[in-house]
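What follows is a single structure, written as structure tokens, with notes after it.
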Amino acid sequence: MHIEIADHADLDRAEALVSWLERPHLDRVIITLPGIGTTERERAAANLRHLFNDCGCAWGLAALVLAGAGSLLVWPSGARGVTGAVLGCLLAAVAGKLLGLAWSRRRLLALLHTLRSAA
């Protein structure tokens, strides 16, 4: 999918596509809003594409690594300790992914509002 943002109606359509869990994958973003320089258009288009395509995996990985390190330090050994560590790591990874998606959604909406005020 690709989007072109040339006016406020296009910004409204782009904002309608912003969801927490079901954002479309964008292959191309073109911004032709008047009043914005070429460099800023290219930077904003790259940021929009990146934020739309963000899956939250980096945050999930960070949470998984931290939970794994914490489980090595805190949980006792044995079958119950291993089960608790695995469950804790899984929950941390899911929570991290969801937090990453929420953070990218917030940044995406802020960028669209910035473009709206600049145009």
Go through the stretch 96-119 and give me each residue that's under 13 Å from the mean Cα position of the chain (by Cα), surrounded by 13 or more Cβ atoms within 10 Å (Cβ to Cβ) and not charged (D, E, K, R). GLY96, LEU98, LEU99, GLY100, LEU101, ALA102, TRP103, SER104, LEU108, LEU109, LEU111
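For the stretch 55-75, what are the residues that are touching a residue at least 40 places away in the same chain (Cβ under 8 Å) and part of a helix (DSSP H, G or I)?
Keep residues of the stretch 55-75 that are touching a residue at least 40 places away in the same chain (Cβ under 8 Å), which gives 55-60.
Within the stretch 55-75, CYS57, ALA58, TRP59, GLY60 meet the criteria.
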Hey, could you check the stretch 7-42 for residues that are touching a strand residue (DSSP E or B) at 6+ places or on another chain (Cβ under 8 Å) and assigned to a loop (DSSP other than H, G, I, E, B) and say which is nearest to ASP54 (Cα to Cα)? LEU26
Taking the stretch 46-60 and keeping only residues that are over 22 Å from GLY84 (Cα atoms), open to solvent by less than 70 Å² (accessible area, probe 1.4 Å) and of a type in the set (Gly, Ala, Ser), one is left with ALA46, GLY56
Of the residues ALA79, ALA93, ALA69, ALA63, which is at pLDDT 85 or above, out of contact with any strand residue (DSSP E or B) (no Cβ under 6 Å at 6 or more places or on another chain) and exposed (fewer than 14 other Cβ atoms within 10 Å of the Cβ)? ALA69
Restricted to the stretch 2-40, and to residues that are free of Cβ contacts under 8 Å to residues at least 24 places away in the same chain and open to solvent by less than 70 Å² (accessible area, probe 1.4 Å), which residue is nearest to TRP103 (Cα to Cα)? ASP10
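The values are calculated or read from the model by the stated rules, or taken from the named source; none is laboratory data. In this text, all values refer to a predicted model and were calculated from it rather than measured experimentally. Counting neighbours? That spans all protein chains shown, and the Cβs are built from the backbone with ideal geometry, glycine included. Note: areas computed on protein heavy atoms with side chains; ligands, DNA, RNA excluded. Shrake-Rupley method; radii C 1.70, N 1.55, O 1.52, S 1.80 Å.
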